Every structure is written in C-alpha cells, then in structure tokens.
Amino acid sequence: MGSAAVEDLIEASSGVHFSGFRLDNKDGTIALVIEEDPSTSAAENIREPFIIGVAGGAASGKTTVCDMIIEQLRDQRVVLVNQDSFYHNLTPEEHKKVHEYNFDHPDAFDTEQLLSVMEKLRHGKAVDIPKYDFKTYKSDALPTRRVNPSDVIILEGILIFHDPRIREIMNMKIFVDTDADVRLARRIRRDTAEKGRDIGTVLDQYSKFVKPAFDDFILPTKKYADIIIPRGGDNAVAIDLIVQHIRTKLGQHDLCKIYPNLFVIQSTFQIRGMHTLIRDTQTTTHDFIFYSDRLIRLVVEHGLGHLPFTEKQVITPTGSVYTGVDFCKRLCGVSVIRSGESMENALRACCKGIKIGKILIHREGDNGQQLIYEKLPNDISDRHVLLLDPILGTGNSAVEAISLLIRRGVPESNILFLNLISAPQGVHVVCKRFPRLKIVTSEIENGLNQDYRVIPGMGEFGDRYFGTDDH
C-alpha cells in the first residue's frame, strides 16, 4: 500500500482521530483503526493486502511465474487477478473485423473496472471478476468468478504498469523479461495448438499488433519494476528470493508495508518475554535495566546493519583469503536527553570509541517543544548519525531533534533513528516529514491515550531506567 493512500485516508477523516494498529482477536491479524471522536464508539477496521504486480510481454512466462509464487506461498492466503479478465466487449462491427482489433493496446482494457475491483479487494470486500470469453469477445457471456479478500493479491497482465493509478496500489512490481525470439516461439506453439490458428495468421498478428505494442507500451514500463526476472519461470532462484521477501513482508507490522524506511526487528519468544518484563509495573529497577539493555543492544545491532559497507579481503590463520565487509567508519551517536542516554552503552559496546552528541528538548504539553541544549561533534555533517531515543510517541520531539541535525548539515538519508517502542502516530509524523530517514524499533504500540502517553507502553522510561520513579 502506498503511503499517500494512507495519508489521504487519515487527512480526509475530518472529526476523527487515528488510534493505531491493534490485534483482531478473530483471526490474529493486525488492523489499522481509525476511530471517530472519542465520545463515539464507531470504528472502522481496514486491512490492506500485499499486492504484487507481474507484467511482461505476451508469452514471456508471467503465468508460470505467478503459479510458482502461488505454489510456494501455499501457507498464505493468495489470489490471482488477470488483466485479461477486463477486456472491453467488442461491438458487432469490431467482432466482424476481430483480426484487425489490437488486443495489446491499452485502450483494449476496461481499466476503470479493474481499478474498482482492486479498490474493493484492498478494503476487504469480496468481488465478482468477469471471465472474458475469447469466442464471443464478451465479458458477460460466462459466469463471473467470486474472489474473496486475501493476504496476497497477484495482479498479472501485459499492461498493468501502464496506468499510474494501478502502479500506485502495488507493494511489489515484477517484470518478466524474456527474449523476443523465445516469446514468439511460445506464441506460435500456443496459438496453433490451443486456438487452431495457422502459423501465417500468428506471424501476421505478431508483426502488426503484438511487437509494436510491446515496443510502444509494454517495454517502456519495465523501468517501473522493482524486480526484473530474466527467463521468466525458468529462473527458479529469482522466484525463490521473491517468495522469501514476500514472506518477510507478510510477517512485518502493517506500518512497514506503508513506510519502506521503517524496520521492526523480528519478534521471538525471547524478545516478547523481555518486553513483558520491562512493561510489568512489578519489575524491579535492576531487572528493568538488565532487560532494557538487552533489547537496546538488539535494536542497535539491527540498526548498524542498515549502514553502508565496503568489501574487504582478509587473510585467515589458515592462510586462506576471506572476502567480507568493512564497517562504516564515519559514525556518531546522538542521544535525546535523558532517556536516550540509556542507549549509549549498547552503542559504545558495538562501536568502539564512537563519538556521542547530546540534544535536550524541553516539553511543555504535547506541542510545546523547545530546544534547550545541544552539543554535537563539529564534523557531524560528514558522519552517519544514530539518533537514540527509546520511545517514539507523538513524534514532536523526534522532529525537533532530526530538524536540528539537518540544520547542522547531516543529510536526511544519513540519519538512523533507533528506539525500543514506537506509537503509530509518531511513525506517521516522522516518516511523512523525513521519508529518507530510517527508523529501527523493536515493537509498534497500539497508540496514544488522551494524555499523549504511549499505550500499552512502559511508563516513563527515563525514570524507571535511572531509578528516579516513585518506587
């Protein structure tokens, strides 16, 4: 799902507030919840599927690629939608001269109907998809196909990347790139065997319509692809990697699908157990510090994995050559006082001798942010910066800190924001304002309460960590 779609949805909801993501007890999925004014109880759950577009020339192997993805994703709910289902009905005049009709032209498709169907599926509604009859050249001659909402939707067709409105709803765009001679040979075999056409008719149609349409309309859309698969279904390695990536995305929090610069470390029972302990009001200060430090170390190490690296060869004790990577050298940390200072030890343990700057932002109410103090390395503009703050709530303090770093010459793409827990509201604020910055966190919360405190949260982190709470 594109970030613009969610932002438009939120901004268009006059008189409502965004309450974040929460667990749907019926099926265990995570749903985006937009609620009306707190005085009302109405709520609307919106669950976005992962949409994959598969494009390429006719007979390039798109169907084979889709079938292989579906086969390997058999443990996920996945449906296939074909662009071929949305051809326009031919008029009687067009039907008489069907051999002169260009089925490879964008105007041959009912794109508005396709968009309508995809919007319904995106918003959790079942749809009836037509079956285009290539004997009568009508979409209403055969019974429709009922398609229910699914976790994964594969949209396949020669021209699905042509319309920007369709491209915008895709989470992944795949272009199947097969040699023109191979595509022609496949087309000849298919049309002569399945449609009873002679080779002359197939070649005439190919030279008159298929090849020009590919050069004019299909090949130019290759630039929009996230992934290009040479040789189509014969490229099993590429398909395996794609399936692995899809499974990773399906296991992520829904906000990671909206914002590609948000990263949530993969949850395990160990991580879940540590979160349980640091959230428990009965946990002692000693245990709170111990398990917080463990979680912080995981977040820091995950964050360091997003920094640039260079290839490096070393000689091992056996005299062999090992080709590895060299760590990024130009780093510094910046902690947001005071809670962010709890993350400094983990950063120092991972990056020996790293410089660490400080930013103090005073908060008066939710919107009264005021910078009080800053001390940063003089050469910070030449470094990658790891911004440290364990809690991302409203995002206002984060915006102040990030804006200061940018004013000091740090490129936005060189800032990595590390925290333990993040409220959806803060994620939206930061990612919308700074789309080239990366956020790494260990868990996404339900939202904020009326006092702008993160829920379920863990209380005032600085007080609990430094022992200055009431206990």
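The values are calculated or read from the model by the stated rules, or taken from the named source; none is laboratory data. Note that the coordinates shown come from a computational prediction; the quantities given were computed from them, not determined experimentally. Cβ placement follows ideal geometry from the backbone for every residue including glycine, while neighbour counts extend to all protein chains displayed.
Looking only at residues of the stretch 436-452 that are within 18 Å of Ser292 (Cβ to Cβ) and assigned to a loop (DSSP other than H, G, I, E, B), we find that the one that is modelled with the highest pLDDT is Ser442. Scanning the stretch 135-152 for residues that are exposed (fewer than 13 other Cβ atoms within 10 Å of the Cβ) and free of Cβ contacts under 8 Å to residues at least 40 places away in the same chain yields Lys135, Pro143, Arg146. Scanning the stretch 112-126 for residues that are crowded, with 18+ Cβ neighbours inside 10 Å and not aliphatic (A, V, I, L, M) returns a single hit, Arg122. In summary, strands (runs of 3 or more DSSP E) completely within the stretch 32-96 and bearing 2 or more residues that are modelled with pLDDT under 90 occur at 43-46. Taking each residue of the stretch 452-471 that is on the phi > 0 side of the Ramachandran plot and looking for partners that are surrounded by fewer than 14 Cβ atoms within 10 Å (Cβ to Cβ) and β-branched (Val, Ile, Thr) with beta-carbon atoms closer than 8 Å, six or more apart or interchain, yields Gly459/Thr281. Of the residues screened, Arg187 is not one that is loosely packed, with under 13 Cβ neighbours inside 10 Å, in the same structural domain as Gln72 (by TED's automatic domain parsing) and either within 22 Å of Val81 (Cα to Cα) or among the polar types (S, T, N, Q) (or both).
Each row is one residue, and each column tells you yes or no for (1) in contact (Cβ under 8 Å) with a residue 12 or more places away in the chain; (2) surrounded by 17 or more Cβ atoms within 10 Å (Cβ to Cβ); (3) in a helix (DSSP H, G or I); (4) more than 25 Å from the chain's Cα centre (by Cα).
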position	(1), (2), (3), (4)
Leu277	yes, yes, yes, yes
Gln282	no, no, no, yes
Phe288	yes, yes, yes, yes
Ile296	yes, yes, yes, no
Val300	yes, yes, yes, no
Gly303	yes, yes, yes, no
Lys312	yes, no, no, yes
Gly319	no, no, no, yes
Tyr322	no, no, no, yes
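Out of the residues in the stretch 217-252 that are of a type in the set (A, V, I, L, M, F, W, C) and part of a strand (DSSP E or B), which is surrounded by the most Cβ atoms within 10 Å (Cβ to Cβ)? Across the stretch 217-252, the extreme among qualifying residues is Ile229. Residues that are under 26 Å from Ala238 (Cα atoms) and in contact (Cβ under 8 Å) with a residue 60 or more places away in the chain within the stretch 186-220 comprise Arg186, Arg187, Arg190, Phe214, Phe217, Ile218, Leu219, listed in sequence order.
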